[in-house]
Amino acid sequence: MYKNILQKATTNQELSEQEISQLINSINNEEVSDVQIAAFQVALLMKGASLKEISYIAKSMRENCVPLRPQVEQEMMDTCGTGGGLSTFNISTATAIVAAAAGIPIAKHGSRSISSLSGSADVLETLGVNINLTPAQVEKMIEEIGIAFIYAPLFHPVMCKVLPAESELGIKTIFYSIIGPLINPAFAPRHLLGVYKPELLETVAYVAKELGYTNAMFVHGLDGLDEISLLGKTRINRLVKGEITSFEIAPEDFGMNRCTLEEIKTGTPEENAKTIRGVFSGEITGPRRDAIVLNAAGALIVGGKADDFQQGIKLAGELIDNGAATRKLDQLCQMSNSFGSES
């Protein structure tokens with residue numbers, strides 16, 4: 001099976017859904033060696049994966065994850081992005097907390113950073129969140145406080161097998177840059193997803209549609225940000241009930257000032273945690289607050305709490321100013337550390 005798949009990939013033939021499913025299952029069952037995994041990744045990278053192949057891989061990866069099924073009335077949402085763009089502080093993580101404060105069930109998927117100083121797992125851990133939770137604990141948190149962090153390595157055995165090859169070879173394949181953000185183990189159908197290259201907008205929108213996403217924004221700051229940008233224009237692909245529309249926005253459209261990368265750049269996890277706490281407490285204003293508010297506005301639209309960016313910006317500001325975002329972060333910290341040795 002493996003040799004046939006590799007032969008097809010190295011001769012620019014498209015792989016079928018069955019072939020990809022067999023391969024991903026074999027990786028999960030440890031029937032494929034590290035060398036074979038690396039060879040497949042390089043072959044797929046050189047060939048260029050088609051949209052159908054990417055969709056097949058994403059579907060199969062979701063089938064091989066550790067599933068989460070929290071019992072909540074509303075559709076869950078994620079804010080996990082691709083990473084890889086210009087490095088800002090952990091805006092999407094702060095956005096998830098603001099969205100949860102608005103009452104949107106948040107299944108925040110993420111990991112430690114590969115390409116910047118601080119990933120979502122790094123900053124949340126520094127903020128005091130226990131990221132090493134069991135599936136039952138994650139489900140309970142989403143059900144009771146409306147937010148939990150899903151630490152990707154604990155829920156994606158296949159990803160844990162393919163990422164080391166990327167690291168050792170020094171390559172960036174679709175597994176990390178496209179597939180990773182789309183395979184939330186809670187199968188959240190709503191998503192604010194930042195991508196680091198404009199050409200990925202069409203790809204992630206197509207794959208998300210194939211996976212059954214119901215409401216999502218795929219965003220790319222045209223200056224190189226994988227967020228809704230405060231530096232300049234942002235291109236957005238919006239998916240709602242199977243229909244995709246595209247448009248652009250800029251900070252000045254909503255009365256916000258543009259800023260420089262220096263003003264919102266990433267720091268260490270400690271520095272980024274201080275920034276998030278500072279914005280939530282009101283001690284930090286200006287571009288760092290605006291960056292969170294603008295991205296949270298997008299999440300509030302996707303989550304059905306705002307009709308447009310103007311409404312979303314107003315609500316996001318209120319959730320920060322009235323302490324709701326801080327209270328939600330405190331709940332996240334407290335409950336994630338309350339389980340002890342429970343399973």
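Okay, here's what the table says:
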read-out: Given charges at beta-carbon only (K, R positive; D, E negative), |dipole| of the range 2-48 in Debye; value: 220 debye
read-out: Structure-based [θ]222 nm, the chain - -39500 (n - 2.57) summed over DSSP H runs of at least 4, per residue, nearest 500; value: -14500 deg cm²/dmol
read-out: Ranking of Asp253, Asp330 by count of other Cβ atoms within 10 Å, fewest first; value: Asp253, Asp330
read-out: Cα centroid separation, the range 263-289 to the range 291-328 (Å); value: 17 Å
read-out: Net lengthening on full extension, Glu283/Lys241 (0.36 nm per residue, minus Cα-Cα); value: 11.1 nm
read-out: Between the range 109-153 and the range 214-235, the Cα center-to-center distance that results, in Å; value: 23 Å
read-out: Loop-resident sites, the range 33-136, for GluC sites (Glu not before Pro), counting at most 13 other Cβ within 10 Å (DSSP); value: Glu73
read-out: Beta bridges per DSSP with both ends in the chain, % antiparallel, nearest 5; value: 55 percent
read-out: Under Karplus coefficients 6.51, -1.76 and 1.60, residue-wise ³J(HN,Hα) of the range 33-46 in Hz, glycine/proline x; value: 6, 4, 5, 5, 4, 4, 5, 5, 4, 5, 4, 5, 5, 5
read-out: Amide H contacts of Ala102 (H built 1.01 Å from N, under 5 Å, at least 5 apart or other chain); value: none
read-out: HN-Hα J in Hz across the range 220-226 - Karplus 6.51, -1.76, 1.60, θ = phi - 60°, x for Gly and Pro; value: 9, x, 5, 8, x, 8, 9
read-out: Of Lys274/Lys328; Lys59/Lys161; Lys161/Lys265, those spanning more than 21 Å from alpha-carbon to alpha-carbon; value: Lys161/Lys265
read-out: Rounded tilt (10° steps) of 91-101 against the dominant C-alpha axis of the chain; value: 60 degrees
read-out: For Thr88, distant residues with modelled amide H under 5 Å away; value: Thr266
read-out: Projected label distance in nm at Met46 and Cys333, using a 7 Å step from Cα toward the beta-carbon; value: 5.1 nm
read-out: Sites matching GluC sites (Glu not before Pro) across the range 199-241 that sit in DSSP coil, with at most 12 neighbouring C-beta atoms within 10 Å; value: Glu199
read-out: Order of Cys65, Cys80 under a 10 Å beta carbon neighbour criterion, fewest first; value: Cys65, Cys80
read-out: Cα long-axis angle, helix 51-63 against the chain (0 to 90 degrees, to the nearest 10); value: 80 degrees
read-out: Total charge dipole magnitude, the chain, about the Cα centre, Cβ charges on Lys, Arg, Asp, Glu only, Debye to nearest 20; value: 200 debye
read-out: Most positive-pole-ward Cα, Phe187, Ile24, Gly128, against dipole of the chain from beta carbon charges; value: Ile24
read-out: Cα-Cα separations in the range 9-164 greater than 25 Å, expressed as whole percent; value: 40 percent
read-out: Descending Cα extents along the principal axes, the range 233-343, whole Å; value: 48, 36, 26
read-out: Once the Cα gyration tensor of the chain is diagonalised, semi-axes √(5λ) in Å; value: 32, 22, 18
read-out: Selection of chymotrypsin sites (Phe, Trp or Tyr not before Pro), the range 1-91, meeting DSSP coil and at most 13 other Cβ within 10 Å; value: none
read-out: Ratio of the Cα radius of gyration of the range 2-48 to 2.2 N^0.38 Å, where N counts its residues; value: 1.04
read-out: Pairwise centroid distance, computed over Cα atoms, of the range 11-33 with the range 38-68, Å; value: 8 Å
read-out: Sorted by Cβ density within 10 Å, fewest first, the residues Leu182, Leu86, Leu127; value: Leu86, Leu127, Leu182
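Read-outs throughout are calculated quantities, based only on the coordinates presented, and are distinct from any laboratory measurement. Worth saying up front: this structure is predicted, and the values here are computed from it rather than measured. Using ideal geometry, Cβ is built from the backbone for each residue, glycine included, and neighbour counts are taken over all protein chains shown.
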